[in-house]
Amino acid sequence: MKKVVIHKAGGFEQLILEEHPSPQAGKYEIKIAVKAIGVNYADVVIRWGLYRSAKEFVGWPITPGFEVAGTVIEVGSDVGSFAPGQEVFAVTLFNGYSTEICIPQHQVFHKPAKLTMEEAAGFPAVFLTAYHAVHQNIIIRENMKVLIHSAAGGVGSSLVQLCKLKGCEIIAIVGGEHKIETAKNMGADHVLDRYTTNIWSETAKIFPQGSDVIFDANGGESLKKGFNALAKGGKIVVYGTHSILPDKSGRINWIKLIYSFLTAARFHSLKLNTRSIINFNLSFMFHEKELLAEAMKDLINWVEHDQIKPLKVSTFRLENVADAHKAIQSGKTVGKLILTNNE
Ligand SMILES: NC(=O)c1ccc[n+]([C@@H]2O[C@H](COP(=O)([O-])OP(=O)(O)OC[C@H]3O[C@@H](n4cnc5c(N)ncnc54)[C@H](OP(=O)(O)O)[C@@H]3O)[C@@H](O)[C@H]2O)c1
């Protein structure tokens, strides 16, 4: 079997496709012949050597990849409800960029017939992140005013759909005119291009009382301005930190990093406020089986009943993994990028 291995932090050249022995399924594991793999922005951060859980749980070398779809090859002795030949999709704490993988059964799900292999591979990571943000961190109510950054990307598109399903009014922020249509198709009521609009003055006109919830993976300045744009009782859900990550060169900009740290939104218990900031990283929560089961049950039900739709996918062959990383690192993509294994 083949897998993409990164031996040390660096650029696209660090993504090396290697031949390795086929893995053996443990008692509670399912072995999958992988057909499609979801690419996430976090995979780029792993390649840079800046992803905390990757450093903590694996180190180097590492095979990135949080999600796959394929066919069951073998099930462990204590696995029920799955059999060889069935089509499945799964989340995995790394190792997804492989042609064969063994995954604990609670992270594997029957693939809904509605989804293609590619759509299924691109479904769990972004929708689980969005679900965790919307349903397991805050209380979301009908008619809430919600602002979503990077709303045409993977997690952003999923957040728009889940908030729309709850009946919220949504401002979607996107970086580029070519992303506006995607955000509208996901269900956004208002779409603002951050390159051509002052998003904060426009937001103040659309939501004069402020935003009830803001979903932000930018960090830095956007977090501070967002905090000031919250309504009473409003919350910012932070799940990423784009603005302080390396630029396209892959090098950390220390000046930007320090500036961002010094200007970050701060919280002090002496100034108890009605507004607050919540943050999470799902990769530290893989052991939370109940949260995962609850989320996937709802998400699969919603997709099967056309209440949410899979994201538009762009495919790359596994051997062209560097091109997929170049694309997602550029910040210009919409929807999901998928690696395909045609063996
Ligand atoms: N906390 C968690 O558990 C968790 C789980 C999954 C993902 N995430 C985070 O969620 C974010 C979105 O992930 P994704 O996989 O769905 O990616 P994505 O949204 O498909 O792509 C990233 C988007 O971020 C925006 N962006 C802003 N600054 C950027 C920069 N300097 N370089 C590249 N892109 C930039 C771009 O959109 P615009 O230009 O339209 O803003 C870009 O399209 C990432 O930060 C990721 O690490 C967190």
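The values are calculated or read from the model by the stated rules, or taken from the named source; none is laboratory data. In this text the structure is predicted, and so the values were computed from the model without any measurement. Every residue, glycine among them, receives a Cβ derived from its backbone with ideal geometry; neighbour counts consider all protein chains shown.
Overview of values
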{"read-out": "Only one of Lys205, Lys166, Lys179, Lys145 that is within 22 Å of Gly335 (Cα to Cα) and either in the same structural domain as Ile73 (by TED's automatic domain parsing) or away from the ligand (no atom under 11 Å from the Cβ) (or both)", "value": "Lys166"}
{"read-out": "Qualifying residue in segment 42-56 (condition: away from the ligand (no atom under 16 Å from the Cβ) and among the polar types (S, T, N, Q))", "value": "no"}
{"read-out": "Matching residues in segment 254-281 - criterion: being exposed (fewer than 12 other Cβ atoms within 10 Å of the Cβ) and within 16 Å of the ligand (Cβ to nearest atom)", "value": "Trp254, Ile255"}
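Here's the yes/no breakdown for (1) farther than 12 Å from Asn95 by Cα; (2) part of a strand (DSSP E or B); (3) of a type in the set (A, V, I, L, M, F, W, C):
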| position | (1), (2), (3) |
| --- | --- |
| Val5 | no, yes, yes |
| Ala9 | yes, no, yes |
| Pro21 | yes, no, no |
| Ala25 | yes, no, yes |
| Gly38 | no, yes, no |
| Asp43 | no, no, no |
| Leu50 | yes, no, yes |
| Ala54 | no, no, yes |
